[in-house]
Amino acid sequence: MLKKIALLIPLISFVHCKNPPARQAVKPDLKSIMTDFDHTIQKYINSDSTQQSISFAVMHKDRILWSKAFGYADKENNIHADTSTIYRTGSISKSFTAFLMMQLVGKGLLKLNDPVESYLPEIRRLKGYNDSTKITFLQLATHSSGLEREPELADAADGPISSWEQKVLAAIPETSFESRPGTNFNYSNIGYAILGLALSRAAGQPFMTLMEENIFTPLQMNNTCYIVPPEKFTKLAKGRSKAFGQLDLATPQREHFGRGYKVPNGGIYSTPNDLSKFIMAELGVFPLLNANALATIQTGKLSASGEAKYGLGLYIYAYDNKILIHHSGSVAGYSAEMDFEKNSEYGVAIMCNYNTVGEMLGFYAQQLLDQLSALDDTAAPHG
């Protein structure tokens, strides 16, 4: 069961009537729910001293219903955020990597239970690797490879993006097992980096090219990338981070030029509107994967935390006849949340240029989806 917290968004309004009952509930509609949500976000932005921005989009099936932005994309230069402001997605990148993997499976380039060493023999240099600890693609994608979260290489997360593959290879001999493959859920950033490199080897193409050609371009995710082009620098929100109580603008800025091995596991830049298109692909609106492949991605394999299970690059919660599927991301200066409810086919993407609000964004998204999933299918587009 999802953690129950005090509701931040009004769920029901009431009107007076002459006849009993004295108070009659008015069924919320899309406009009233979203207007209340707008007020909630605006109130938070007004009360916050960090001068951040929050951008979000709400989708249903094949439509973006609502898209708004509040606050500053760049306070120092007095630039307000809008619906095309670009943010870092952090670990939501893992959802894309898993999706790409299933596309390559569909093309016959690999199988989920193939040993990764068949395509990336360098994986044999892992600490403790032997015939009994061979790792499969499925295990990497479900965080059941047994690998530790981060490698023990001191500068693993530093270096230009052009050298991320070399950084992964350097990190492999400095990475240990926490458990035997296939037995436990161990969230692993290095595991997903290895997965991305292995996918590249299997397809015979650079990883970022694969992502561009198979996902970004077909979905017309025109503001989504691994390297922000110069002409879009003005649309990039300035990351705001806090360290020891002090505002840190330098670290988020520095990381735009490279994050070491953290590309398949945390390198994507995007907007809420573009993430909404990816949610549509996860729901099968855009036929980038067949129904069986989507079901494989969105079926929990191992318990992750509480009652959450982890599929392939996504967390899955089942509660109150709902199936909530999501992933969050948090990196220096940025937070992001991507959620959708599978039965009602509503989705929410929220992004922020501040990195300590991830849990709050998750609460906002999940509460909003609870309300939206109760609506009938009469909502009209807006925003």
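The values are calculated or read from the model by the stated rules, or taken from the named source; none is laboratory data. What you are looking at is a predicted structure, and each value in this text was computed from that prediction instead of being measured. Note that each Cβ is placed from the backbone with ideal geometry, even for glycine, and that neighbours are counted across all protein chains shown. Calculation scope for accessible area: heavy atoms of the full protein, side chains included, ligands and nucleic acids excluded. Shrake-Rupley method; radii C 1.70, N 1.55, O 1.52, S 1.80 Å.
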Residues (in a helix (DSSP H, G or I) and not small (Gly, Ala, Ser)) located in the stretch 105-119: VAL105, VAL116, GLU117
Looking at the stretch 64-72, can you tell me whether even one residue there is more than 18 Å from the chain's Cα centre (by Cα), under 26 Å from ILE297 (Cβ atoms) and of a type outside the set (Phe, Trp, Tyr)? yes
Looking at (1) modelled with pLDDT of 95 or more; (2) over 30 Å from SER344 (Cα atoms); (3) open to solvent by less than 10 Å² (accessible area, probe 1.4 Å), find the lone condition where ASP114 falls short. (3)
Determine whether the stretch 119-139 contains at least one residue that is open to solvent by 20 Å² or more (accessible area, probe 1.4 Å) and under 21 Å from ASN214 (Cβ atoms). yes
Restricting the stretch 25-50 to residues that are modelled with pLDDT of 90 or more and of a type in the set (Asp, Glu), the residue that is surrounded by the most Cβ atoms within 10 Å (Cβ to Cβ): ASP36
Those residues of the stretch 146-203 which are small (Gly, Ala, Ser) and part of a loop (DSSP other than H, G, I, E, B) amount to GLY146, ALA154, ALA156, ALA157, GLY159, SER176, SER179, GLY182, SER188
Sort out which residues of the stretch 51-68 are open to solvent by 10 Å² or more (accessible area, probe 1.4 Å) and polar (S, T, N, Q), and write them in order of number. GLN51, SER67
Does the stretch 301-324 hold any residues that are at pLDDT 90 or above and either under 23 Å from ILE190 (Cα atoms) or among the aromatic types (Phe, Trp, Tyr) (or both), and which are they? LYS309, TYR310, GLY311, LEU312, GLY313, LEU314, TYR315, ILE316, TYR317
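How about the stretch 120-145: which of its residues are of a type outside the set (Val, Ile, Thr) and part of a helix (DSSP H, G or I)?
PRO121, GLU122, ARG124, ARG125, ASP131, SER132, PHE137, LEU138, GLN139, LEU140, ALA141, listed by residue number.
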Evaluation of ILE190 against (1) open to solvent by less than 30 Å² (accessible area, probe 1.4 Å); (2) at pLDDT 95 or above; (3) in contact with an Asp or Glu (Cβ under 8 Å, 6 or more places away or on another chain); (4) farther than 28 Å from PRO272 by Cα (one fails), failing number: (4)
Kindly evaluate ALA171 against the criterion of being more than 16 Å from ARG201 (Cα to Cα), buried (at least 17 other Cβ atoms within 10 Å of the Cβ) and touching a residue at least 40 places away in the same chain (Cβ under 8 Å). yes
Contact list please: Cβ distance under 8 Å, first residue in the stretch 132-154 and under 13 Å from ASN265 (Cβ atoms), second residue open to solvent by 20 Å² or more (accessible area, probe 1.4 Å) and among the acidic types (Asp, Glu), pairs at least six apart or on different chains. LEU147/GLU178; PRO151/GLU174
Residues that are without any contact (Cβ under 8 Å) to a residue 60 or more places away in the chain, among the β-branched types (Val, Ile, Thr) and part of a strand (DSSP E or B): does the stretch 305-323 have at least one? yes
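I need the helices (runs of 4 or more DSSP H) fully contained in the stretch 221-298, keeping only those with at least 3 residues that are surrounded by fewer than 19 Cβ atoms within 10 Å (Cβ to Cβ). Talk me through it step by step, then tell me what you get.
Working: elements: 250-255, 272-282, 291-297.
Per the criteria, 250-255, 291-297.
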